[in-house]
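Structure, as structure tokens:
The values are calculated or read from the model by the stated rules, or taken from the named source; none is laboratory data. The structure displayed is predicted, hence computed values, not measured ones. As a convention, Cβ positions derive from the backbone with ideal geometry for all residues, glycine included, and neighbour counts pool all protein chains shown.
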Amino acid sequence: MKFELTPKMEAGFWGVLGGAAALAAIGFMFGGWVTGGKAAEMAKLQSEKAVVTVLAPICVEKFRQAKNADENLGKLKTISYAWDKGTYIREGGWATFPGNTESNSAVAQACAEMLGTPAK
């Protein structure tokens, strides 16, 4: 027995297929749908931002509690470029936390920005 589509069933099949394709296109383009890889990437970025948000104030406090904090702050303020300020913080060890042997450059950068901003 051979299965044949009637013209009405064929039209319905193509309508369902076209509707599914249109739904997917609209969902991914305008509906905010993302693939699993994109969702994982977005989650990673959010977690990295959260880490910086939590650790930067600790870095600032470590900087301020150092023996020669005023001298270090003076040196930091003489540095012109933001990247170099982050490097100064990183090399000073203020952005290195227990359990890590290396400093976090994003934390160092945020720390330098916080130290350069007057307290509110």
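Some points to look at:
- Residues located in the stretch 50-87, provided they are of a type in the set (Phe, Trp, Tyr), surrounded by fewer than 17 Cβ atoms within 10 Å (Cβ to Cβ) and either under 19 Å from the mean Cα position of the chain (by Cα) or assigned to a helix (DSSP H, G or I) (or both): Trp83
- In summary, Trp33 fulfils each of the numbered conditions (1) touching a Gly at 6+ places or on another chain (Cβ under 8 Å); (2) in a helix (DSSP H, G or I); (3) of a type outside the set (D, E, K, R) with the single exception of condition (2).
- Tabulated pairs, the stretch 95-110, first hydrophobic (A, V, I, L, M, F, W, C), second at pLDDT 90 or above and assigned to a loop (DSSP other than H, G, I, E, B), C-beta under 7 angstrom, 6+ apart or interchain: Val107/Ala95; Ala108/Ala95
- Scanning the stretch 27-52 for residues that are among the β-branched types (Val, Ile, Thr) and without any contact (Cβ under 8 Å) to a residue 40 or more places away in the chain returns Val34, Thr35.
- Check on Lys38, within 30 Å of Gly93 (Cβ to Cβ) and either in a helix (DSSP H, G or I) or within 24 Å of the chain's Cα centre (by Cα) (or both): no
- First in the stretch 79-93 and within 12 Å of Gly116 (Cβ to Cβ), second anywhere and not in a helix (DSSP H, G or I), Cβ under 9 Å, 6 or more apart: Lys85/Ile79; Gly86/Ala95; Tyr88/Ile79; Ile89/Ala95; Ile89/Ser103
- Of the residues making up the stretch 15-30, at least one is over 30 Å from Glu113 (Cβ atoms) and outside any helix (DSSP H, G or I).
- Selection within the stretch 1-59 - of a type in the set (Gly, Ala, Ser) and closer than 28 Å to Ala110 by Cα: Gly37, Ala39, Ala40, Ala43, Ser47, Ala50, Ala56
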